[in-house]
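Worksheet: one structure, shown below.
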Amino acid sequence: MNQYTAKVPADYDQSQRLDKYIASVVPDMNRSKLKSGLKQILVNGKEQKVSFKVKAGDEILIQWEESIPDNIEPEDIPLDIIYEDENVCVINKPQGMVTHPAAGNWTGTLVNGLLYHWGKSAIPQDKNMAEKDLIVSRRPGIVHRLDKDTSGIIITAKNRGTEEYLARIFRNHRSMVKEYIAICSGRPQHHHGVVKTQIIRDYRDRKIFRAVTDTDEGKYAETHYKCICCYGDYSLMRIRIKTGRTHQIRVHMKYLNCPILGDPLYSKGDRKFQNATLMLNAHRLCLKLPGAREYSDFRARTPGRFMEILKVLHREYSKTILPKDR
C-alpha cells in the first residue's frame, strides 16, 4: 500500500481537481494510475472524491495500490557484461537501474534485460499465487541485489543449480570478497576498522534504517572499511561487507559520521557537490564459480561520476593519508 501526505502551499491560488493536483506533485503518478489503484482520499481528515477542488492550506492524505502487470516482459536493454558462461552472467549495473521488478518499478529492471538477453519468455504474474511465490518468480537468477542508486558488479545465475550454489555463498559471505568504493563526507577517526552493529528500521521513517548496539533487535551487520585517502573533509573509502543487509554500507558510513556523498536518505545536501548522486560503487567480486578450483576476481571500472568528483578534490585539496593505527 502506497501513501502520500501533503499540505497545499499557503500561496496556492489555483482551482484544480484533486486528481490533477496529486498527479502534478507525486513522482511517477498520473490520473489513470491513481484512479485504478485508489483506496482512500482524505482532505482535512474527511473522505473526498477525486473531483474535489483543492485550495491553499488543505492537508491531503491518499492511499493507493499499484496494479500488478499480467507479465514481466523481456526488454532489449543494453547490459554491460563483464563475464558470461553457461552458468553465470556478471554485469556492471549502472546507477539508476533497479535489480528486479517490484511495486513502482515493473519495467526497465535488470531482470527485464536478462530475460531478453537469455532469450527467455515473459514471466506470468498469477494473481492467485501465494505472495511469497509471486515475489520469487520475479527474480529469476537474482541471488543478491544492489540498491537502485548503487552501481557496480552483480552476478546472476543462468540455471537453478547455479542459483542455489551462489545463494549459499551469499548467505555467509565468508568464502567470497565483495568490495565497494565510496566517496564520503567527513573523515573517519581511524585509518581502518570494523563496524559491528544491529540494523533496524527507523521507527520515525520506515524507508530508512539505523545502526544500533547493545541489543538483539534487528539484524546483525558487519562492515570492514579502509580509508584510502582524504581530501579536505572528504574521504575515499574501500569497504568490504561480511553480511548483506539492506542499506548496510550507507547506514554504517553514517554511523561513522562519514555519510556517503550524494546519499539522499542518509546524508545532508553538500554545498560543494550539490548535484552529486550516491557515490557508492560495487567495484570487486571475488568467488569460486560452480565447479571451479580457483577463485575468479571480477572488477568494474570506476564510474564517470566518481572521476568527476575526484578531479575536483584533487584540484582543490591536498591528498592526506591517515596514520595507521598501532
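The values are calculated or read from the model by the stated rules, or taken from the named source; none is laboratory data. Because the structure is a prediction, the values reported are computed rather than measured. In this analysis, Cβ positions are derived from the backbone assuming ideal geometry, glycine residues included, and neighbour counts consider all displayed protein chains. Areas reflect the complete protein model, heavy atoms only, side chains present, ligands, DNA and RNA absent. Shrake-Rupley method; radii C 1.70, N 1.55, O 1.52, S 1.80 Å.
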**Report entry** Apportionment of accessible area to carbon and sulfur, the chain, percent (1.4 Å)
**Finding:** 45
Report task. Compute, for Arg160, the solvent-accessible surface of its heavy atoms (probe 1.4 Å) with the complete set of protein chains present, and express it in square angstrom to the nearest 10. Result -> 150
Query raised in the report: Any idea how far the Cα center of the range 163-218 sits from the one of the range 254-271, in Å?
Result: 15
**Report entry** From phi via Karplus (6.51, -1.76, 1.60), per-residue ³J(HN,Hα) for the range 302-309 in Hz, x at Gly/Pro
**Finding:** 5, x, x, 5, 5, 4, 5, 5
Query raised in the report: So what does Asp216 come to for accessible area, using a 1.4 Å probe and Å² rounded to 10?
Result: 140
Requested in this report: Might you report the magnitude of the Cβ-based charge dipole of the chain about its Cα centre, with Lys and Arg at +1 and Asp and Glu at -1, to the nearest 20 debye?
Outcome: 840
Query raised in the report: Pick from Asn275, Asn128, Asn172: which residue has the top mean-square fluctuation in a GNM of the chain where Cα pairs under 10 Å get a spring?
Result: Asn128
Requested in this report: Just flag the GluC sites (Glu not before Pro) in the range 52-127 sitting in loop per DSSP whose Cβ has no more than 12 other Cβ atoms within 10 Å.
Outcome: Glu65, Glu86
**Report entry** Given charges at Cβ of Lys, Arg, Asp, Glu: the range 85-235 dipole, positive-most of Val136, His192, Ala221
**Finding:** Val136
Report summary line: HN-Hα couplings for the range 45-55 via Karplus (6.51, -1.76, 1.60; θ = phi - 60°), in whole Hz with x for Gly/Pro, come out as x, 10, 5, 9, 8, 5, 7, 4, 8, 7, 9
Report summary line: Computed ³J(HN,Hα) along the range 191-201: with the Karplus parameters 6.51/-1.76/1.60, θ = phi - 60°, integer Hz and x for glycine or proline, the list is 4, 8, x, 10, 9, 10, 9, 8, 10, 10, 6
Report summary line: Matching label for the computed mean projected area of the Cα convex hull in nm², out of (1) 26.2; (2) 15.2; (3) 21.1, is (3)
Query raised in the report: Counting Lys +1, Arg +1, Asp -1, Glu -1, what net charge surrounds Tyr180 among other residues with beta carbon under 9 Å of its beta carbon?
Result: +3
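Just reorder Lys158, Lys20, Lys46 by solvent-accessible area, largest first, 1.4 Å probe, all chains present.
So, going from the largest accessible area down, we get Lys46, Lys20, Lys158.
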Report task. Can you send over the solvent-accessible area of Val50, 1.4 Å probe, protein chains only, in Å² to the nearest 10? Result -> 40
Requested in this report: Kindly provide the helix-only [θ] at 222 nm of the chain, computed as the sum of -39,500 (n - 2.57) over DSSP H runs of four or more divided by all residues, to the nearest 500 deg cm²/dmol?
Outcome: -5500 deg cm²/dmol
Query raised in the report: Taking the Cα centre of the range 148-304 as origin and charging only Cβ (+1 Lys, Arg; -1 Asp, Glu), how large is the dipole, in debye to the nearest 20?
Result: 220
Query raised in the report: Which residue fluctuates the most in the chain, going by a Gaussian network model with Cα springs under 10 Å, if the choices are Met176, Met237, Met253?
Result: Met176
Requested in this report: Spit out the partnerless Cys residues in the chain, using Cβ distances under 4.7 Å as the pairing rule.
Outcome: Cys89, Cys227, Cys229, Cys230, Cys286
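Mind checking the full-extension length gain between Lys268 and His192? Use 0.36 nm per residue of separation minus the Cα-Cα distance, one decimal, nm. Display every interim value, and only then the final one.
Values: separation 76, 0.36 × 76 = 27.36 nm, distance 2.40 nm.
Result: 25.0 nm gained on full extension.
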Report task. Compute the accessible area per residue over the chain, keeping the other protein chains in place, probe 1.4 Å, unit Å². Result -> 56
Query raised in the report: From the cross-link list Lys196/Lys324; Lys158/Lys268; Lys39/Lys120, which pairs have alpha carbons spaced over 29 Å apart?
Result: Lys158/Lys268; Lys39/Lys120
